[in-house]
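Some notes on the structure that comes next.
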Amino acid sequence: MIKHTVRKGETLFIIAQKYGISLSSLLAANPNIKNPSLIRPGQVVNVPKAAPQRTIVIPRESYGYNEMVSDLETLRESYPFIKVDSIGTTVMGRSIPVVRIGQGKKEVHYNGSFHANEWITTLLLMKFVEVYAKAYVSGKKIGTFNIKSLFDSVSLWVVPMVNPDGVQLVQGKIDTNSSTFANALRINRGSRDFSGWKANIRGVDLNDQFPAYWETEVSRRASSGPSPRDYTGTAPLSEPEARAMAEFTRAHNFRLVSAFHTQGEEIYWGYRGFEPNESQQIVNRFIEVSGYEAVRYVESDAGYKDWFIQEWRRPGFTVECGHGINPLPISQFWEIWGKVIGIFLMGMYV
Ligand SMILES: [Zn+2]
C-alpha cells in the first residue's frame, strides 16, 4: 500500500489513473472516504498495489512495426498514464508513434531505429517503457534510482522507431509485388538480402539528413544517389521521417536527447565544439553505468544529435549499443539491456 498526498486539482479518478489501478480498487482501499467527489489537497489516500501485470514486451526475432504498435496499445491500456501520439508519417504512410511517460517539467527524448537494420534498439526502448511504468506503479526502485521522483520530475518522450518502412524492409515484410519493393530492390542491386540496409525505403540515410554541415556530409559520403546506407538525400530534411523528427524536436524543450544505434559500445557526445561543458560530465556517468567508451568527435555531420547540439547547445548523444554484424541477433538482447538501462535512467536523472 502506498500513501498518496492529494494535490490541487486531483480527483480520485486522476489518482487511480496515475497508479494504473481502477477507481473501484482505489475506493475499496479507502473506506473512510464517504463522498468520493469531496477530497481535498493535502489529504492522504491509500493506494493499493496494482495487480501484477503480465509481461507485454517480449524480445523476439523480427520484432517490427506491427509488433511495436500492438505492444504500445497494450502498454497504454495497462498503464493509463502512458500517452501515445504520432509525430508524422513515413514515405509509405505509416504513422510514427511517440510515447510519453512521466509528468515532470523537464523534457527528455530518446529514439531508436533511425537505421533500419538496428531495430533491436526499438525493443530496448519498448522494454524500458514497460519496466519504467511497472516500477512506477509498484513503487519500486530500479537499482538506486527512485522511480517516483524521476516520474514526477521528468517527461520522457520516446520515439521507438524513427524508420518503420526501413525496418519492415529489413525484416522481409514489404509486399514484394509492390513498386516500392521493386525500387528498393534496384537500390540494393538486385539482392533480396536487406540485412545491410540502414536507409529509409527510398534509400536515404535518415541520420544524414539534418541541417548541421549537411553539405560537408554530402562531399564526404561516397553514395551520390539512393543507397542502402550513407546517402544524404537531395536536401536536408527531404525525407518525411527526418522532417517529423525535426518538427517534433522543435515543438519541445528537450534538456537532453539520446539516439540509440548499434555497433561499437561507444557513446558520441561532442559536435564541433557546440556541446555544452556538462556533456562531458554526463557522458562520464553514462560510461560508469554502461562500461561503454566515450568518443568526443568523429568525422561525421548532419546527424540528429549533431543538429540538436548545434541548435540548442544542450547535451545530445548517439549511443552505440552492442557489437557484431547488423541486425544484431536477439540473443544479445539481455546483455545489451544490462548495459543500456543505466543510460536510460541516468539520462533522465542528470
Ligand atoms: Zn546507426
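What the table below lists for this structure:
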read-out: Accessible surface of the chain, 1.4 Å probe, proportion on carbon and sulfur as whole %; value: 50 percent
read-out: 5 angstrom amide H check on CYS321, placed H, neighbours 5+ away; value: HIS261, THR262, GLN263, GLU265
read-out: Exposure rank, largest accessible area first [LEU256, LEU185; 1.4 Å]; value: LEU185, LEU256
read-out: Between 0 and 90°, nearest 10: helix 278-290 axis offset from the chain longest Cα axis; value: 80 degrees
read-out: Of SER153, GLY338, LEU38, farthest towards positive along the dipole that unit charges on Lys, Arg, Asp, Glu beta carbons give the chain; value: LEU38
read-out: For the chain, with +1 on Lys and Arg beta carbons and -1 on Asp and Glu, the positive-most of PRO226, VAL283, ILE14 along the dipole; value: ILE14
read-out: Using alpha-carbon coordinates, inclination of helix 333-349 to the longest axis of the chain, degrees; value: 70 degrees
read-out: Debye, to nearest 20: dipole size of the range 252-314, +1 on Lys, Arg Cβ, -1 on Asp, Glu Cβ; value: 280 debye
read-out: Where chymotrypsin sites (Phe, Trp or Tyr not before Pro) fall in DSSP loop in the range 216-313, at most 16 other Cβ within 10 Å; value: TYR297
read-out: Listed residues VAL47, VAL167, VAL84, most fluctuating in the chain (Gaussian network, C-alpha, under 10 Å); value: VAL47
read-out: Given charges at beta-carbon only (K, R positive; D, E negative), |dipole| of the chain in Debye; value: 1540 debye
read-out: Nonlocal amide H pairs with GLU107, under 5 Å, H built at 1.01 Å; value: SER155, ARG255
read-out: Rg/Rg_ref, the range 237-334, where Rg_ref = 2.2 N^0.38 Å and atoms are Cα; value: 1.12
read-out: Radius 9 Å from Cβ of VAL47, net charge of other residues (Lys, Arg +1; Asp, Glu -1); value: +3
read-out: The range 228-350 - charge dipole about Cα centre, Lys and Arg +1 at Cβ, Asp and Glu -1, debye rounded to 20; value: 360 debye
read-out: With DNA, RNA and ligands ignored, accessible area of LYS140 (1.4 Å probe; Å², nearest 10); value: 130 Å²
read-out: Per residue, in Å², the accessible surface of the chain once ligands and nucleic acids are set aside, probe 1.4 Å; value: 42 Å²
read-out: Radius of gyration and Dmax over the Cα atoms of the range 81-208, both given in Å; value: 17.5, 53
read-out: Debye intensity ratio I(q)/I(0), log10, the chain, q values 0.09, 0.15 Å⁻¹ (C-alpha model); value: -0.51, -1.24
read-out: Relative intensity, log₁₀ I(q)/I(0), of the range 305-350 from a Debye sum that treats every alpha carbon as a point, q = 0.28, 0.30, 0.33 Å⁻¹; value: -0.99, -1.05, -1.14
read-out: Anisotropy class of the range 1-68 from Cα gyration tensor, a/c 1.5 cut; value: prolate
read-out: Theoretical ellipticity at 222 nm over the chain - DSSP helices of four or more residues, -39500 (n - 2.57) apiece, nearest 500; value: -10500 deg cm²/dmol
read-out: For the range 298-310, Karplus couplings with θ = phi - 60° (6.51, -1.76, 1.60), whole Hz, Gly/Pro x; value: 10, 6, 7, 9, 6, x, 4, 5, 4, 4, 4, 5, 5
read-out: Under Karplus coefficients 6.51, -1.76 and 1.60, residue-wise ³J(HN,Hα) of the range 157-168 in Hz, glycine/proline x; value: 10, 10, 9, x, 9, 6, 10, x, 4, x, 4, 4
read-out: C-alpha long axis of helix 240-250 to longest principal axis of the chain, angle in °; value: 50 degrees
read-out: Lys/Arg +1, Asp/Glu -1 at C-beta; the chain dipole; positive extreme among GLY322, ALA135, TRP119; value: ALA135
read-out: MET161 long-range amide H proximity, modeled H, under 5 Å; value: GLY112
read-out: Flagged links, alpha-carbon separation over 19 Å, of LYS18/LYS49; LYS49/LYS339; LYS34/LYS140; LYS49/LYS127; value: LYS49/LYS339; LYS34/LYS140; LYS49/LYS127
read-out: Tail beyond 21 Å, pair distance distribution of the range 165-278 (Cα, percent); value: 46 percent
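The values are calculated or read from the model by the stated rules, or taken from the named source; none is laboratory data. Here the structure is a predicted model, which means the values were calculated and not measured. Positions of Cβ are generated from backbone atoms using ideal geometry, with glycine treated the same way; all protein chains shown enter the neighbour counts. Surface areas here come from the heavy atoms of the whole protein model, side chains and all, with no ligands, DNA or RNA. Shrake-Rupley method; radii C 1.70, N 1.55, O 1.52, S 1.80 Å.
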